[in-house]
Every structure is written in C-alpha cells, then in structure tokens.
Amino acid sequence: MSAPSRRAVLAGLVGAVGLAACGRPAEAELLKVTDPSTVPATPPPSAAPPPSTSGTPTPSASAAPATTAPTTTAATTTPPRALPKGVLAGYWPTWIPDAVRIRDLPAAYGMVHLFAATPAGTDGTLTWAKPGDGRGAATHLREDVAYARATQKRAVLLSIGGAGHGLTFGSRAVSTRFVDSVRRIVDAELGAVDGIDLNTFEAEQAPNTDEYAWVSRTLKATYGKNFLVTAPPAPWSEIDEAFCRDLARAGLLDLCGPQFYDGPGLTDAAYIADTAAHWATLVGADRLYIGFGVIANAPNYLTAAQCATAYKGVAAAVPGVRGAFCWNTSADEAAGWAFAKTVGPLVSA
C-alpha cells in the first residue's frame, strides 16, 4: 500500500471508531502499568476527535462585541527566548502526588508543558492547581520555573485545557477573560513563562480561528514577540489542519505537535512519517514537533525505543523537523527516563 493511501486508510480507521481513547477515560488504568500509585484527577492532553457530522458551526467572531485588549502589565523577569534548533518537550502533569521538580527533569527536556490550567466554565475564566508536593514541586514551583528558564535555559509553557476541557471562543468577551486568566496565572502563580500550549479545542469545540488569533496576538504583544503559542492537534482532523495552518501562516502558532498515541493506528511508524510529512506542508517543518505517548505495555502507546525508530522515519521524511514531545514526564521517569535518553539525542543531532 502506498504511503498516501495508508495515511488515508488509518485516518479513516481512527475516525470510524471515534477514538474514544482520545478522551482519555482509561488513562488512569494505563498509568497503573508504570506507576500504580498515580491515579490522575485530570486526564492528559487531547487533540480534537474527528469532526462531528452534526453540522455544528464554528462560532463566528463577527458577532463578538468590540473590546479593547486587557491592560495588565507583565511581570519583569527573564523574557521569553527564541526557539532552539531542536525541541524535546515533556508534558509535566500536576496531578501526580509526588511530581518531580521541574529543575530535576533530565537536561534533554528543553521545553516543559505545565499540564494544565482548565476552563472554570464556558466564559473563558481559567483555574490552576499546584502540583502535588511530595517532593516539593508545589512549594518550590515559582522558583523552579525561574531557575529552569534563567539557569537551565529551558522553555516553560502553561498548557491549557486537555481532554474534557475544551473551550469555545464564541465572543471577544470570552477571549478577553481567557487572556486575563492567563495573565493572572502567569504573573501571580508562576512568575513568568515562555508561552502557552492550547489544548482547548476538541469534540464539539471546533476552533474559532479569528478569536484564537486575537488571543495569540494579544499575548505576544504583552509578553514579547518570542512568547510561544503551541497546539497539539489530532493528526487526522481536517478541521485541526486548517486551524493550525492558518495560525502558523499568520505567524501566530510557533509549534504544532500532532499526537500520535492513544488511538488505533496512530503508533504505526509508516503512518507517523507519512502524516508528519503532510503536516509539514501545512505549518512548515520548523514548526512541527511530533507527539509520542510513552506508557509501557499499554495499547496504542509506544516504548521509548519504538519512539526513536518512528522519529528517525519522520526525520528522513521531513528534513528540518523541529523535534518531539512526550506524554508524559511521570511515565518517562517510571521508565528510567528512557524517552529523554533515546529520543533526546536524535532531536539535538
């Protein structure tokens, strides 16, 4: 079977089953494979499932009331830095009772997604809960974020949303409250970050590109041109493709990380390479990093060695690909940091 037809067939398979796992209902059970003590209260990041056939329209920005951008002043601290040549990112889940401190992550992780702030409802307001403090991650969070950014030269991003936590930006008022919430969390709770990771579009929450563009533009104007905006789309979704393409071409999406895990066919190395090449035509190879799920012996996840093999295939198919990310750092720690050790050198090569 040719690569293009393989990609189409596997995408159809994922769409046909609805990828229930993308809502992560079984994630707690899967994590028990690597760490029986960690049962998440919040599911992992989720790309948007295949588009609904119900005809639900994307909310229109044209009906949004005119407002001015919020005027909150950003904290004076280390400014966001430009993306490195190679990016190895890890999602750092806050629901782990004894989460590893950010400063103690392997050096290979040059980017950390703090997972996650979540919508308090539908009005754009966000909530943020500190991580478990078993090893001091909560007590030292603000200082560890500052140390990771200034001394270790890591990029630290606030991830927003996740499975079951989509948000429809139906008006400028919602977008404004969202930006205000991001600023409150960043300035008051974290001190400063290098960007945000938008996990807010899924299921019926089809992305409202106009409002996402306003959010991205406003935050970049507040924190500086290097303030990063990233997103983890569903690899097969045409809705996600159009959304990420349009934001990237407008200079408002810095990294795009299709998630190749937690669904049938998504861990096939040939499919990953072929689909990554397709995404590179949409957003550019330099904005593309590949999402891998590493949970040992769990269905529709890969081992670190398999991730390395798949990434080599991507690098051959997409010269200049920016890197990869791991869901999640807790699972990688349970595996002896195998992902950081095996994929990290490939990304930095």
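General observations
Each row is one residue, and each column tells you yes or no for (1) in contact with a Leu (Cβ under 7 Å, 6 or more places away or on another chain); (2) modelled with pLDDT of 95 or more; (3) not aliphatic (A, V, I, L, M).
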residue	(1), (2), (3)
Arg172	no, yes, yes
Val182	yes, yes, no
Val193	yes, yes, no
Ile196	yes, yes, no
Asp210	no, yes, yes
Lys225	no, no, yes
Leu252	no, yes, no
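The rows are residues; the columns are (1) part of a loop (DSSP other than H, G, I, E, B); (2) under 23 Å from Ala188 (Cβ atoms); (3) more than 19 Å from the chain's Cα centre (by Cα).
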{"position": "Leu88", "(1), (2), (3)": "no, no, no"}
{"position": "Arg103", "(1), (2), (3)": "no, yes, yes"}
{"position": "Tyr109", "(1), (2), (3)": "yes, no, no"}
{"position": "Leu114", "(1), (2), (3)": "no, yes, no"}
{"position": "Gly121", "(1), (2), (3)": "yes, yes, yes"}
{"position": "Arg135", "(1), (2), (3)": "yes, no, yes"}
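- Applying the condition of being more than 26 Å from Tyr289 (Cα to Cα) and assigned to a loop (DSSP other than H, G, I, E, B) to the stretch 152-185 and asking which residue is farthest from the chain's Cα centre (by Cα) yields Ser171.
- Restricting the first member to the stretch 319-331 and to residues that are over 19 Å from Asp98 (Cβ atoms), and the second to residues that are open to solvent by 20 Å² or more (accessible area, probe 1.4 Å) and outside any helix (DSSP H, G or I), the beta-carbon pairs closer than 6 Å and six or more apart or on different chains are Gly323/Gly86.
- Selection from the stretch 123-142 of residues that are touching a Gly at 6+ places or on another chain (Cβ under 8 Å) and open to solvent by 40 Å² or more (accessible area, probe 1.4 Å): Arg142
- Checking every residue in the stretch 232-239 against the condition of being more than 21 Å from Asp180 (Cβ to Cβ), modelled with pLDDT under 95 and among the hydroxyl-bearing types (Ser, Thr, Tyr) gives at least one match.
- Residue within the stretch 144-159 that is acidic (Asp, Glu), at pLDDT 95 or above and surrounded by fewer than 19 Cβ atoms within 10 Å (Cβ to Cβ) present: no
Residue-wise test of (1) open to solvent by 10 Å² or more (accessible area, probe 1.4 Å); (2) at positive phi.
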position	(1), (2)
Cys307	no, no
Val314	no, no
Gly320	yes, yes
Phe325	no, no
Asn328	no, no
Lys341	yes, no
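One line per residue, one yes/no per condition, for (1) closer than 21 Å to His140 by Cβ; (2) of a type in the set (Lys, Arg):
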residue: Ala155; (1), (2): yes, no
residue: Ser159; (1), (2): yes, no
residue: Gly162; (1), (2): no, no
residue: His165; (1), (2): no, no
residue: Ser171; (1), (2): no, no
residue: Arg183; (1), (2): no, yes
residue: Ala188; (1), (2): yes, no
residue: Asp194; (1), (2): yes, no
residue: Thr200; (1), (2): no, no
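- Residue list for the stretch 302-318, restricted to those being touching a residue at least 40 places away in the same chain (Cβ under 8 Å) and not in a loop (DSSP other than H, G, I, E, B): Thr309, Ala310, Gly313, Val314, Ala316, Ala317
The values are calculated or read from the model by the stated rules, or taken from the named source; none is laboratory data. Here the structure is a predicted model, which is why all the values come from computation and not from measurement. Heads up, the Cβs are rebuilt from the backbone with ideal geometry, glycines too, and the neighbour counts pull from every protein chain shown. What goes into the accessible areas is simple: the full protein's heavy atoms, side chains included, and nothing from ligands, DNA or RNA. Shrake-Rupley method; radii C 1.70, N 1.55, O 1.52, S 1.80 Å.
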